[in-house]
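Undergrad: Can you read through this structure? Questions will come right after.
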Amino acid sequence: MSDGMQPTKYVWSDGSLIPWEEATVHVLSHGLHYGTGVFEGIRCYATGDGPAVFRLGDHMDRMVRSAKAFRLPLEWSSGELTAAAKELVRQNELDACYLRPIAFLGTGSIGLNPRGATVRTMIASWVWGAYLGDEGLERGVRVRVSSWRRVSQDSLIPNAKGTGQYVTSVLAKQEAIIAGYDEALLLNALGYVVEGSGENVFIVRDGSVWTPPISAGVLDGITRDSVITLLRDAGVDVQERLVSRADLYYADEAFFTGTAAEVTPIREIDDRLVGTGEPGPITRQAQALFTEAVTGKLSDYRHWLDFV
Ligand code: PMP
């Protein structure tokens, strides 16, 4: 498989653990044609006390909210999905992994009216390393403002993780990679900075940290929330405020946050160095605090860990 993905033993599928190879869908699934699904991305980390899933309940709560927004009749509660995810990690005998819950419309209706379509809910897990590469995590990534705008709330639901709305992220990511960059930064319809194709964005100006507010059309990232909390608790001034394109160019530091990307420094934006081009002190502090929190080394944040 691409991405170096190694199959694991089981996939959780509507209440049972089935072999990885059998986790397939019919070609006439509604979700395949129209993007009618919701999903999550979650990480489980190896800690001194065994594997722990980071903010699992918060991710499953977000999945339930996404389903509500898209009127997808999810048949499982957040608590049931949380238990299922932990059972899957246990049975797949994984220490550290990525988890991908997804719920989508299956067969039974192929018209746009989804009434009558079945709802399928599945969770897969596998070992996934640094999303933007080990070098990206260490030295920072090169990004470019995308020609594609982030989905706006007059046509889609930016705060939800609907499968269909990720087509914009795919277009933006492809465009960035083909042009020789690592990641894209998307603006909203008004031209304000929103986020990466699959990450929230932060910049540092004169010792203050700025990140676009949810109302700018960002996903309410769980890593974003964690990093805001960790930095504020450490005494750093963090502001949710509109970020302009000029703010990007004048930033002393910039970084992405996301479950897959974790805390990844940004070293160049639109062919301009961010600060000196080296990850700055607040970026390093955010990275260190986040790594310590997810691996259970900070007692104040142990409640974020769900031990399997
Ligand atoms: N924005 C987008 C568009 C995303 O897909 C993601 C990944 N879920 C994020 C931000 C980061 O969210 P989280 O920290 O919850 O993974």
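Since every read-out is calculated from the coordinates, none of them should be taken as a lab result. Worth saying up front: this structure is predicted, and the values here are computed from it rather than measured. Ideal geometry is used to build each Cβ from the backbone, glycine not excepted, and the neighbour counts take in all protein chains shown.
Undergrad: Looking at the range 220-295, which chymotrypsin sites (Phe, Trp or Tyr not before Pro) are in a loop (DSSP not H, G, I, E or B) and have at most 12 other Cβ atoms within 10 Å?
TA: Within the range 220-295, no chymotrypsin sites (Phe, Trp or Tyr not before Pro) qualify (loop, at most 12 other Cβ atoms within 10 Å).
Undergrad: Amide H of residue 165: which non-local residues (sequence gap of 5 or more, or other chain) have their own amide H closer than 5 Å, using H built in the peptide plane?
TA: none
Undergrad: Near residue 15, within a Cβ-to-Cβ distance under 14 Å, what is the net charge of the other residues, with Lys and Arg +1 and Asp and Glu -1? Walk me through the intermediate numbers first.
TA: Values: positive: 120; negative: 14, 75, 80, 87.
Net of charged neighbours comes to -3.
Undergrad: Please give the Cα centre distance for the range 203-221 versus the range 1-53, rounded to the nearest Å.
TA: Result: 30 Å between the Cα centres.
Undergrad: Of the options 251, 170, 231, report the single residue whose Cα projects farthest towards the positive end of the charge dipole of the range 151-286 (beta-carbon charges: Lys, Arg +1; Asp, Glu -1).
TA: Farthest towards the positive end: 170.
Undergrad: Return the single residue from 130, 103, 293 with maximal mean-square fluctuation; model: Gaussian network over the chain, springs between Cα atoms under 10 Å.
TA: 130
Undergrad: Next question. Compute the length gained on full extension between residue 241 and residue 179: take 0.36 nm times their separation in residues and subtract their Cα-Cα distance, giving the result in nm to one decimal.
TA: 19.4 nm
Undergrad: Here is a follow-up. Regarding the chain, what is the average projected area of its C-alpha convex hull, in nm²?
TA: Values: hull surface 61.3 nm².
Averaged projected area of the chain's Cα convex hull equals 15.3 nm².
Undergrad: Highest mean first, what order results for 36-42, 109-115, 73-79 on Cβ atoms within 10 Å?
TA: 36-42, 73-79, 109-115
Undergrad: Please report 303, 33 as a ranked list, fewest other C-beta atoms within 10 angstrom at the top and most at the bottom. Mind dumping the intermediate values first?
TA: Numbers: 303 8, 33 13.
Ordered by Cβ neighbours within 10 Å, fewest first: 303, 33.
Undergrad: Let me check against my output: what whole-number percent is the relative contact order of the chain, with C-alpha pairs under 8 Å and at least 6 apart?
TA: On the way: 639 pairs, mean separation 60.1, N = 308.
20 percent.
Undergrad: Something else about it: Pop out the ³J(HN,Hα) list for the range 77-93 in order, Karplus 6.51 cos²θ - 1.76 cosθ + 1.60 with θ = phi - 60°, rounded to Hz; leave Gly and Pro as x.
TA: Going residue by residue, I get 7, 4, x, 5, 5, 4, 5, 5, 5, 5, 4, 4, 4, 4, 5, 7, 6 Hz, with x marking Gly and Pro.
Undergrad: Also, I was wondering about something else. Students often forget the sequence filter, so: which lysines lie under 23 Å Cα-Cα from residue 86 once same-chain residues fewer than 8 apart are removed?
TA: Result set, ordered by chain and number: 9, 161, 297.
Undergrad: Nearest 10 degrees is fine. How inclined is helix 56-69 to the longest principal axis of the chain, computing both from alpha carbons?
TA: Helix 56-69 sits at roughly 70 degrees to that axis.
Undergrad: Now for a different question. Give the angle, between 0 and 90 degrees and rounded to the nearest 10, that separates the Cα long axis of helix 166-178 from the longest principal axis of the Cα atoms of the chain.
TA: The answer is roughly 50 degrees.
Undergrad: Just want the ordering: 233, 182, from fewest to most Cβ atoms lying within 10 Å of their own Cβ.
TA: The most exposed by this proxy come first: 233, 182.
Undergrad: Right, something else. For residue 199, list long-range residues whose amide hydrogen, built 1.01 Å from N in the peptide plane, is under 5 Å from its own amide hydrogen.
TA: Amide H neighbours of residue 199, under 5 Å, 5+ apart: none.
Undergrad: Below 10 angstrom from the Cβ of residue 145, what's the summed charge of the other residues (Lys, Arg +1; Asp, Glu -1)?
TA: Around residue 145, the charge tally is +1.
Undergrad: Hey, another quick one. Helix 222-233 against the longest principal axis of the chain: what's the angle in degrees, Cα atoms only, rounded to the nearest 10?
TA: The angle comes out near 40 degrees.
Undergrad: Then there's this: Do you know the relative contact order of the range 134-294, to the nearest whole percent, from alpha carbon pairs under 8 angstrom that are 6+ apart? Don't jump to the answer; show the numbers that get you there.
TA: Details: 322 pairs, mean separation 40.9, N = 161.
Over the range 134-294, the number comes to 25 percent.
Undergrad: Something else: Check residue 238: other-chain or 5+ apart residues with amide H under 5 Å from its amide H, H built from backbone geometry?
TA: 209
Undergrad: A follow-up question, please. With contacts defined as alpha carbon pairs under 8 Å and 6 or more residues apart, what's the relative contact order of the range 2-126 in percent?
TA: 36 percent
Undergrad: Where Lys and Arg each count +1 and Asp and Glu each count -1, what net charge lies around residue 298 among other residues with Cβ under 15 Å from its Cβ?
TA: 0
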